[in-house]
Structures are given as structure tokens and as C-alpha cells.
Amino acid sequence: MRVARFERNLTLKEVAARCGMSATHISEVERGKTSPTIGALQRISAALGERTSYFVQEDELPRVRLTRVTDRCDCYGADAKGVPLRLDVVSGGIPGGYMQIFRDHTEPGAVLHLPPRIGEAVVLCVAGMVRMTALGESHVLREGDTIQLRMDEGCVFENIGDEESETIHILAAPTLVPV
């Protein structure tokens, strides 16, 4: 915790103010003099901008991940209605991280019902024309357009063009898609 605090140039008092705890208690936790409760660990983690699991990992997780084009893989799954889908994993994410990037090629007329999940997505339409429907709103994306949406209620993704669409999906969520 001390390293995470130093990396962010925060004092004990600043972390204490952010999480509503005493600087003395945080200092004792940093020095291993006391163990925090799960609730206290969650509050301190949030104040430091880290996932709680980061502080309980036995091994330090990597903070940088390079994915070369030759290392990319496909991720297979199904939408909420059982329709198979394949995504090109552009970046599988950093273990313990929040973001992943996928590329999708969708045939004309295809409709995918993406299930609800905690998190947000940004979709960039690289080619073609797609419609995204989420939270009761529909939006048509053409080449170069982006949309950002919360995934709480899922969404419907449709290729409404006459040709294959290509989209880039950036997912920011507390749990990553297993790849």
C-alpha cells in the first residue's frame, strides 16, 4: 500500500481524507502492524485508485501488457440469445485491470443481443453501418462514429448495412472477459 501511495504522490493524511479513516490506522496497515477489515481494505483501495484484489495477490500483477499482432487470438462465445460470436482480442487486458479491446466483423443483417454486465463500452465503427440499442435508445453508427454506453442492461448490436461491418469495442469493467 505504501508503494501505491507513493506512486500517486499522496500523503497519509490525503489517503485518510479520501477513505474516511485515520492516518494512524492507515500507517499501521502499511507497516504490517495491523490487518485491515475487508471494508477498510476496500475503502483504502478505492482511495488509492486500485482494485482491492491488487493488495491481496500473492504475486505482483503486471502493470504493462504488450500484445503483438502475432499474439492476438480469437474469443468465442454466444450472445444472450445463444447466437455464436467471435471477437478478435486486440488486447486481453492487464491481469487485475479494467480494460480490454476487441475487434468484430459482422455480416450484413446480423443481430447480437449482448448480455448485461457491470461496466462501460466504447464502440468505434471502422467500416459499414451498425445500430446500437441500449437503455431504450437507438443510435446508428457509420464509419468513424463512436458511442459510449453503460452495459448495465446489455444492448443490441445490429449490422444494418449492405456489407460486413468492422467495429472496435473497448470494454471497461471490473471483471474482464476470459480469453
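Descriptive notes on the structure:
- Among the numbered conditions (1) within 19 Å of the chain's Cα centre (by Cα); (2) part of a helix (DSSP H, G or I); (3) of a type in the set (Lys, Arg), the only one that ARG43 does not meet is (1).
- Any hit, the range 78-99, residues being assigned to a loop (DSSP other than H, G, I, E, B), acidic (Asp, Glu) and under 19 Å from the mean Cα position of the chain (by Cα): yes
- Residues within the range 129-179 that are open to solvent by 20 Å² or more (accessible area, probe 1.4 Å) and assigned to a loop (DSSP other than H, G, I, E, B), tallied: 17
- Scope the range 1-40; condition in a helix (DSSP H, G or I), open to solvent by 40 Å² or more (accessible area, probe 1.4 Å) and either under 17 Å from TYR54 (Cα atoms) or not polar (S, T, N, Q) (or both); matching residues: ARG2, VAL3, PHE6, GLU7, LEU12, LYS13, GLU14, ALA17, ARG18, HIS25, GLU28, ILE38
- Test for PRO108: is it surrounded by 13 or more Cβ atoms within 10 Å (Cβ to Cβ), outside any strand (DSSP E or B), at pLDDT 90 or above and not acidic (Asp, Glu): yes
- Pairs, first among the hydrophobic types (A, V, I, L, M, F, W, C) in the range 74-86, second open to solvent by 70 Å² or more (accessible area, probe 1.4 Å), C-beta under 9 Å, six or more apart: CYS75/ARG86; CYS75/PRO178; CYS75/VAL179; ALA78/PRO84; ALA80/PRO116; LEU85/TYR76
The values are calculated or read from the model by the stated rules, or taken from the named source; none is laboratory data. Keep in mind the model is a prediction, meaning the values are calculated, not measured. Quick reminder, even Gly has a Cβ in these numbers, built from the backbone with ideal geometry, and neighbours come from all protein chains shown. Just the protein is used for accessible areas: all its heavy atoms, side chains included, with ligands, DNA and RNA removed. Shrake-Rupley method; radii C 1.70, N 1.55, O 1.52, S 1.80 Å.
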